[in-house]
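Trainee: Structure in structure tokens, see below.
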Amino acid sequence: MITREEITAVIAECMALQMIDTSVEYDTQIAIDSFSFVWLQHVLGERFGYDLQPPDIDVMQTLNSARSVHRYLADISPDRFVAAD
């Protein structure tokens with residue numbers, strides 16, 4: 001099962017690629033652009049063998065923190081992700 005800490009670490013890595021020089025915590029507000037999303041797909045696939053498909057644009061706009069990404073992933077794949085709190 002992929003945990004909250006693992007998701008937060010992946011999101012922090014994605015934000016570092018955007019040259020955002022800040023600590024990313026579970027509830028830190030973030031903006032995931034198309035490049036960040038592709039990196040997120042890549043990292044989830046490489047590290048966890050998880051094939052993340054792009055969500056609808058409406059869903060993409062709600063992914064604004066590690067918590068929201070975790071909640072989304074836990075909702076679509078409860079067998080792979082620990083439930084978000």
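Trainee: Helix 4-17 versus the longest principal axis of the chain: what angle, 0 to 90°, nearest 10, using Cα atoms?
Mentor: Computed tilt is about 40 degrees.
Trainee: Further, regarding this structure: Evaluate the relative contact order of the chain (contact order divided by residue number), counting alpha-carbon pairs under 8 angstrom at least 6 apart; express in whole percent.
Mentor: Averaging sequence separation for qualifying contacts and normalising by length gives 38 percent for the chain.
Trainee: Report, by chain and number, residues whose modeled amide H sits under 5 Å from the one on Phe81, excluding near sequence neighbours (fewer than 5 apart, same chain).
Mentor: Result for Phe81 returns Ile2.
Trainee: Given +1 on the Cβ of Lys and Arg, -1 on the Cβ of Asp and Glu, and no further charges, what dipole in debye does segment 5-77 carry about its Cα centre, rounded to the nearest 20?
Mentor: Working: 3 positive and 12 negative charges, 6 e Å.
Result for segment 5-77 is approximately 20 debye, rounded to the nearest 20.
Trainee: How tilted is helix 66-76 with respect to the longest principal axis of the chain? Cα atoms for both, answer in degrees (0 to 90, nearest 10).
Mentor: On a 0 to 90 degree scale, this one is about 30.
Trainee: From the backbone phi of segment 48-58, what are the Karplus-calculated ³J(HN,Hα) couplings (6.51 cos²θ - 1.76 cosθ + 1.60, θ = phi - 60°) in whole Hz, Gly and Pro given as x?
Mentor: 10, x, 9, 9, 8, 8, x, x, 4, 4, 4
Trainee: Taking amide H positions as placed 1.01 Å from N in the peptide plane, with prolines and chain starts having none, which residues 5 or more places from Ser65, or on another chain, fall under 5 Å of its amide H?
Mentor: Under 5 Å from the amide H of Ser65: Ile30.
Trainee: Mind checking the log10 I(q)/I(0) for segment 43-85 at q = 0.30 Å⁻¹? Debye, one equal scatterer per Cα, no solvent, two decimals.
Mentor: -1.21
A short reminder: the numbers here are calculations on the coordinates, not readings from a lab. All figures in this text were calculated on a predicted structure; none of them were measured in a lab. A quick note on method: Cβ atoms are made from the backbone with ideal geometry, for glycine too, and the neighbour counts reach across all protein chains shown.
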